[in-house]
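K.L.:
This is the structure I have questions about; it appears just below.
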Amino acid sequence: MSERPTGPLPGELSMREFGRWMWRQVTSMRTALVLLLLLALAAVPGSLIPQENVDTMAVSQWKDAHPKLTPVYEKLQMFSVYDSPWFSAIYLLLFISLVGCIVPRTGVYWRALRARPPKAPRNLARLPESASFTTQASPAEVGAAARAALRKRRYRADVSDSAGADGIETAEVAAERGYLREAGNLVFHMSLIVVLVAFAVGSLFGYKGGAIVMVGGGFANDVRSYDEFKPGSLFEQQVMEPFAFDVDDFEISWLTDGPRAGMASDFVSHLSYTTEPGAEPIDYDLRVNHPLEIGATDVFLIGHGYAPVLTIKDGNGDVAYSGPTPFLPMDGTFASFGVIKAADAQPSQIGLTGEFYPTFDMSGGFPTSIFGDPINPLLSVVLYAGDLGLDDGTPQSVYALDTETATPIMSEDGTQQFRLDLRPGDTVALPDGLGEVTFDGIARWNKLQISRTPGKFVALGGVIAATLGLCLSLFMRPRRTWVRARRQEDGSTLVEVASLDRSSGGDPERGAAELAAIVESLGGPAAPGESAKAVEEKS
Amino acid sequence: MTFTDAQYEVFSYEAVIAAGVVYFLSFLAYLVQFASLRKVGADVPVETGRTAMAGRLGLVLAVLAAVIHFVGLVTRGLAADPNRVPWGNMYEFTISGTFFVTLIFLLTAKKMKTLWLGPWVVAFALVALMAAFLGLDDAVLPLPDALNSPWLVIHVVSAVISTAAFTIGGILSILFLVKERRELKGKDNSTGYLGRVPGTATLDRISYRMHAFAFPVWTFAVLITGPIWAHQAWGNYWNWDPKEVWAFITWVVYAGYLHARATAGWKGRNASYVALVGLATLWFNFIGINFFSSTSQHSYAAPATTSLVQVVEAPDAALPTT
């Protein structure tokens with residue numbers, strides 16, 4: 001048996017070195033770039049496959065249509081891509097990389113801000129933009145003039161005079177401008193972190209809920225009042241504001257001509273709300289694009305529909321059900337479906353399921369609604385009796401009838417199910433002594449979305465700051481310019497001017513023109529760039 | 001003298017067709033110019049004579065086409081009742097976007113010395129107008145309530161402008177790649193059209209500047225005005241709606257392009273490829289998503305039957321059945 005070496009092998013990294021190496025990899029520009037492109041790629045499936053948190057119904061339809069793919073996709077979390085660990089891993093790595101890049105750069109920038117512009121390189125003629133000329137002015141005079149000229153061009157400029165050991169007099173000006181570019185760059189990247197955090201806070205601590213509220217009815221902000229409620233994972237109920245509102249009236253207008261005849265527009269829901277129990281009610285007209293803000297909670301009008309009002313008397317002649325029942329619209333004509341369950345009816349429970357047509361039409365051979373406004377309303381339902389499955393305690397959708405144990409009631413000749421076609425005001429006696437149904441009228445409901453998204457203004461501020469920072473980082477043109485004036489042996493002064501453009505899209509002609517203008521302002525030859533340009537424009 | 005909405009609509013169609021014809025003539029003039037420059041060295045100035053004339057004619061016709069195109073847009077907006085901005089559906093967005101491509105070219109050509117982009121721009125305008133006319137045409141419709149907002153102007157105009165600028169940036173990136181490839185293969189670049197196109201360094205620079213202009217505008221459209229409007233209309237500032245997701249993808253890819261230009265080994269060619277991927281996602285988002293996704297709340301390509309914002313879905317939870 002050979003002896004195991006105890007120390008690290010040659011070429012092996014210690015933990016610490018490995019950590020440093022990893023950190024350098026993660027924070028490198030190349031990694032950031034790859035992660036960015038990976039993030040773009042990872043976002044694709046979520047746009048092609050229906051998402052749980054976007055459209056639950058579409059997800060279940062998709063699952064029914066693809067029984068083989070579904071288990072695979074479920075494992076890969078394809079139905080909630082944007083909450084999935086693998087998607088989160090990419091953007092978290094990206095943000096770690098970003099922090100690792102930004103923090104040191106902020107330090108570098110901070111020192112650069114306080115430092116003086118870097119000293120002139122030894123050989124100015126080697127820089128991409130340079131010029132030289134001789135003048136009779138002394139080096140000190142040239143230095144002072146250069147400093148003034150550069151400051152006028154919004155450079156930060158330093159001048160240093162020196163008489164070297166050999167007695168040669170020189171003046172050097174080092175100047176830099178466009179510091180805001182890097183500042184903008186840093187602001188942009190830091191703001192992205194702010195936006196990410198604000199977005200996370202909004203989805204962790206906020207909630208989104210939906211409620212169907214009858215026109216004429218009311219809503220109190222309590223979890224139990226919601227028909228659907230999606231809280232963030234850190235949401236706590238006590239943050240819910242104690243507001244309440246009544247939907248007093250709802251207006252809608254229908255286009256009766258033109259290419260979009262039949263379309264509804266100008267929805268207004270007249271609300272009166274109180275911010276807390278006992279407070280003075282305030283009126284508000286809720287419209288699409290005009291949500292109601294109460295504290296940090298917003299109320300949106302996102303849908304509407306009809307609720308037939310029915311009274312069901314059971315076999316004993318007692319009222320077993322009375323009131324409006326929301327029906328859900330299936331399309332723009334507001335043909336709607338719904339279910340009415342009279343759980344208290346005796347001797348057996350009564351269930352009705354079917355459609356409501358605001359403007360009934362049979363001319364095509366099958367029942368349809370041809371218009372959304374209730375011009376010719378008809379309620380057409382079939383009848384079930386017996387156990388509706390309501391008593392075993394399992395929650396049931398109000399839009400579905402459990403027909404497993406209920407009996408469909410057939411028409412007298414027994415060929416088809418007994419169907420009630422009711423117009424407002426109609427009363428129909430049910431067969432088998434089950435009772436009678438009266439269609440009292442039509443009520444309306446509004447679907448309201450109520451959501452609380454903490455941090456939304458922080459997110460907005462973050463994006464605005466990011467965009468401003470981005471503009472600075474893209475349009476600021478950082479530049480360094482140096483001027484060196486040196487007394488020649490014949491007494492004249494040799495002036496060298498050179499610039500270094502540090503922006504990524506700088507226009508070389510603009511740079512050349514600036515350099516030429518600086519040369520001219522120091523008493524050098526007239527700017528050839530400028531005059532050449534003038535000639536070109538004249539021709 | 002006043003016109004009816006129907007007259008404006010017909011007039012708008014005629015103007016768009018006329019603009020298409022003039023774009024075509026402009027393209028022909030450019031073809032004549034560059035065909036006759038085929039054997040002429042790039043350093044030979046061509047300021048007079050028939051070749052120069054053809055080039056000038058191409059530009060003049062492009063300007064004329066843009067003017068007619070603009071008239072087509074304005075009358076399209078006037079044809080709607082009530083009058084509105086002419087970008088309420090796919091057809092209108094396409095003709096508006098195409099107009100901005102031409103406009104950005106005409107406004108920047110002199111300053112950025114990009115007159116040689118002319119043939120590509122007019123060819124693009126012609127193809128886009130034809131596609132809009134044949135494949136995307138839709139009646140002038142009043143806007144559904146959800147679209148009826150001042151954000152329609154701000155959000156969509158910024159999306160249209162940035163789309164146009166990205167498109168020009170993409171054309172420049174393609175030219176960069178073509179020219180670089182020829183340079184690498186050692187082919188002669190000194191005559192003909194490619195000879196008149198500036199060198200790869202300059203192409204890369206103007207392409208970058210076009211993208212650098214478009215990117216903040218796109219950010220404004222997608223990450224500022226989009227969420228504000230989404231919050232007002234749909235109750236959520238970010239919905240992971242397919243259109244939003246693709247707008248985000250486009251944003252990330254162009255952010256990648258800007259990074260790539262600053263990353264060693266990615267400058268030039270690879271950065272150009274990233275820019276072209278960005279352009280592909282942009283146009284896929286505009287055209288593709290409307291046909292591939294039925295769940296998008298942005299799918300204005302679908303026949304407008306929905307009543308309010310969406311047909312209400314059955315809530316999952318049980319309502320008390322009282």
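K.L.:
On the basis of being more than 30 Å from residue A:181 (Cβ to Cβ), away from every other protein chain (no Cβ under 14 Å) and in contact with a helix residue (DSSP H, G or I) (Cβ under 9 Å, 6 or more places away or on another chain), does residue A:404 make the cut?
P.N.:
So residue A:404 does not fit the description; no.
K.L.:
Could you check residue A:310 against (1) over 28 Å from the mean Cα position of the chain (by Cα); (2) touching a residue at least 24 places away in the same chain (Cβ under 8 Å); (3) farther than 30 Å from residue A:370 by Cα; (4) within 14 Å of another protein chain (Cβ to nearest Cβ) and say which number it fails?
P.N.:
Going through the list (1) over 28 Å from the mean Cα position of the chain (by Cα); (2) touching a residue at least 24 places away in the same chain (Cβ under 8 Å); (3) farther than 30 Å from residue A:370 by Cα; (4) within 14 Å of another protein chain (Cβ to nearest Cβ), residue A:310 breaks only (3).
K.L.:
Another one. Please tell me if residue B:238 is under 21 Å from residue A:83 (Cα atoms), without any contact (Cβ under 8 Å) to a residue 60 or more places away in the chain, of a type outside the set (Asp, Glu) and not in a helix (DSSP H, G or I).
P.N.:
yes
K.L.:
For the stretch A:247-289, give me each residue that is assigned to a loop (DSSP other than H, G, I, E, B) and within 12 Å of another protein chain (Cβ to nearest Cβ).
P.N.:
Those that are assigned to a loop (DSSP other than H, G, I, E, B) and within 12 Å of another protein chain (Cβ to nearest Cβ): A:255, A:257, A:258, A:259, A:260, A:261, A:262, A:263, A:288, A:289.
Yes/no per residue for (1) more than 10 Å from every other protein chain (Cβ to nearest Cβ); (2) closer than 30 Å to residue B:263 by Cβ:
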site: A:22; (1), (2): yes, yes
site: A:34; (1), (2): no, yes
site: A:58; (1), (2): no, no
site: A:93; (1), (2): yes, yes
site: A:119; (1), (2): yes, yes
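K.L.:
For the stretch B:175-191, does any single residue satisfy the condition of being facing chain A (nearest Cβ under 10 Å) and modelled with pLDDT of 85 or more?
P.N.:
No; the residues of the stretch B:175-191 include none that is facing chain A (nearest Cβ under 10 Å) and modelled with pLDDT of 85 or more.
K.L.:
Would the stretch A:308-324 turn up any residue that is hydroxyl-bearing (Ser, Thr, Tyr), surrounded by fewer than 24 Cβ atoms within 10 Å (Cβ to Cβ), in contact with a strand residue (DSSP E or B) (Cβ under 7 Å, 6 or more places away or on another chain) and in a loop (DSSP other than H, G, I, E, B)?
P.N.:
no
K.L.:
Filter the stretch A:479-502 down to the residues that are under 47 Å from the mean Cα position of the chain (by Cα) and surrounded by fewer than 17 Cβ atoms within 10 Å (Cβ to Cβ) and list them by number.
P.N.:
A:502
K.L.:
Exactly one condition in (1) facing another protein chain (nearest Cβ under 10 Å); (2) part of a helix (DSSP H, G or I); (3) under 25 Å from residue A:208 (Cα atoms); (4) of a type outside the set (Asp, Glu) is false for residue A:41; which is it?
P.N.:
(3)
K.L.:
If you take the residues of the stretch A:329-348 that are of a type outside the set (Gly, Ala, Ser) and crowded, with 24+ Cβ neighbours inside 10 Å, which of them is farthest from residue A:216 (Cα to Cα)?
P.N.:
A:341
K.L.:
Another question, if that's okay. Could you say whether any residue in the stretch B:192-204 is at negative phi, more than 8 Å from chain A (Cβ to nearest Cβ) and within 19 Å of the chain's Cα centre (by Cα)? Break it down stepwise before answering.
P.N.:
Here is the first cut: in the stretch B:192-204, the residues at negative phi are B:193-204.
Going one step further and asking which of them are more than 8 Å from chain A (Cβ to nearest Cβ), we end up with B:193-204.
This time we only want the ones that are within 19 Å of the chain's Cα centre (by Cα), so: none.
Checked the stretch B:192-204: no residue is at negative phi, more than 8 Å from chain A (Cβ to nearest Cβ) and within 19 Å of the chain's Cα centre (by Cα).
K.L.:
Is there a residue being charged (D, E, K, R) and either modelled with pLDDT under 90 or on the phi > 0 side of the Ramachandran plot (or both) anywhere in the stretch B:87-100?
P.N.:
Yes, the stretch B:87-100 contains at least one residue that is charged (D, E, K, R) and either modelled with pLDDT under 90 or on the phi > 0 side of the Ramachandran plot (or both).
K.L.:
What are the pairs with Cβ atoms under 7 angstrom where one residue, in the stretch A:185-204, is in contact (Cβ under 8 Å) with a residue 60 or more places away in the chain and the other, located anywhere, is among the charged types (D, E, K, R) and assigned to a helix (DSSP H, G or I)? Sequence gap at least six, or different chains.
P.N.:
Every condition considered, the pairs that remain are A:186/A:105; A:202/A:456.
K.L.:
Let me ask another. Select from the stretch B:226-255 the residues that are within 18 Å of the chain's Cα centre (by Cα), within 7 Å of chain A (Cβ to nearest Cβ) and closer than 14 Å to residue B:214 by Cα and list them in ascending order.
P.N.:
Passing the criteria: only B:253.
The values are calculated or read from the model by the stated rules, or taken from the named source; none is laboratory data. Just so you know, these numbers come straight off a predicted model, no measurement behind them. Quick reminder, even Gly has a Cβ in these numbers, built from the backbone with ideal geometry, and neighbours come from all protein chains shown.
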